[in-house]
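Data block below; observations after.
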Amino acid sequence: MAESNWSDLARAQGGLVTRAQLRELGVSRWAVRDHVAAGRWVVRTSTVIGTTTGTLTREETMWLGVLQGGTHALVGGMTAAEVHGLKNWHRDNITVLVPYDNDVQETVPGVEFVRTRRPLSTFRRKTGTLPLCLLEPAVLLWAAAERNPRSAQGALAAVVQQQLTTPDLLTDWLARLRPLRKAPLFRRTIDDMRGGAQSLAEMEIKRMCRAYGIAQPQRQVRRRDGSGRLRFTDCEWRLADGRTLCLEVDGGFHMEVEHWEDDLARQRALSAPDRVIVRCTSREVRDEPATVAADLKRLGVPRAA
């Protein structure tokens, strides 16, 4: 067998091949044993052989997971979302979706195998060589298994906010994945995003306004700051005296020093005699909505019609 046959395959799979693939290409088990004994190859699992030595990269570990997972196994969950471009939702463990009938008994460090009866062959991305789950089913299935409802909703909000998908596509996949745990919650979350709320904090502002009788704000309003730079405010209300109240909602990353200083500079630049700017954290909106609503009413935010 020409070396190029297995080397081309290995190159396409992160330097990894299964023993079954090698047999199909005419590489005998004795040839595999000789390569391993000579230190040219390394046994990664009982199923997968590495044609290069050294520590595996993250992408190579994904390949190891799907090759170990067997036919139709896919990189899924937040690992797939990260490959699709999602930022700030990194998880150390790599998630691999495995057909329920595949017998995966051997553990792989850093890889979490998730067995499912769903038709994974229909979930696979059509482009690229890495067996990767499409973004929408990857995130929805992860969110359905996530214990924290806020994290589950946050992931859905993040993929829309970062313009990786749309509420309509998520709705389509929600129907295709029926039955799905937490589907009613996800449907409300997607409906809120379709109404203009692009982050979980904005959705919670909308719910707070409904619950405490406050008028819904304008969201993501374009404003020119003092230097002429275009900025977007989180929430705005027109007050009875003609002024505008802007509410800026800070997420957890705003607590880092550089972001905190940026926010202070942003607040100064957006401030004006006819514009009042107040701030709160996403945690306050989530855990203390009554307090935030009372403060907004005291500052003159109008009640809902």
Of the conditions (1) surrounded by fewer than 13 Cβ atoms within 10 Å (Cβ to Cβ); (2) in contact with a Lys or Arg (Cβ under 9 Å, 6 or more places away or on another chain), Leu134 clears all except one; give me its number.
(1)
Could you tell me whether any residue of segment 78-92 is among the hydroxyl-bearing types (Ser, Thr, Tyr), within 28 Å of the chain's Cα centre (by Cα) and more than 23 Å from Gln153 (Cβ to Cβ)?
no
Number of positions in segment 61-103 that are crowded, with 19+ Cβ neighbours inside 10 Å and closer than 24 Å to Val17 by Cβ:
22
Does any residue in segment 114-126 that is on the phi < 0 side of the Ramachandran plot come within less than 8 Å, Cβ to Cβ, of a residue that is aromatic (Phe, Trp, Tyr) six or more places away or on a different chain, and which pairs are these?
Arg115/Tyr100; Thr116/Tyr100; Arg117/Tyr100
Output yes when any residue across segment 6-17 is open to solvent by less than 10 Å² (accessible area, probe 1.4 Å), under 30 Å from Thr165 (Cα atoms) and of a type outside the set (D, E, K, R), and no when none is.
no
Within segment 154-171, identify whether any single residue is buried (at least 18 other Cβ atoms within 10 Å of the Cβ) and of a type in the set (D, E, K, R), and answer yes or no.
no
Can you name every one of the helices (runs of 4 or more DSSP H) wholly within segment 27-92 that holds 1 or more residues which are at positive phi?
77-83
With segment 187-305 as the region, which helices (runs of 4 or more DSSP H) entirely inside it contain at least 2 residues that are modelled with pLDDT under 90?
200-212, 257-270, 282-287
Which one of Ala211, Ala215 is in contact (Cβ under 8 Å) with a residue 60 or more places away in the chain and in contact with a Phe, Trp or Tyr (Cβ under 8 Å, 6 or more places away or on another chain)?
Ala215
Might you check whether a residue that is aromatic (Phe, Trp, Tyr) and without any contact (Cβ under 8 Å) to a residue 40 or more places away in the chain occurs anywhere in segment 88-104?
yes
What single numbered condition from (1) under 24 Å from the mean Cα position of the chain (by Cα); (2) surrounded by fewer than 19 Cβ atoms within 10 Å (Cβ to Cβ); (3) in contact (Cβ under 8 Å) with a residue 60 or more places away in the chain fails to hold for Ser46?
(1)
Residue satisfying all of: in segment 176-216; open to solvent by 30 Å² or more (accessible area, probe 1.4 Å) and among the hydrophobic types (A, V, I, L, M, F, W, C); nearest to Ser282 (Cα to Cα) among these:
Ala211
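The values are calculated or read from the model by the stated rules, or taken from the named source; none is laboratory data. Just so it is clear, the model here is predicted, and its values are computed rather than measured. Backbone-built Cβ (ideal geometry, glycine too); neighbour counts: all protein chains shown. Note: areas computed on protein heavy atoms with side chains; ligands, DNA, RNA excluded. Shrake-Rupley method; radii C 1.70, N 1.55, O 1.52, S 1.80 Å.
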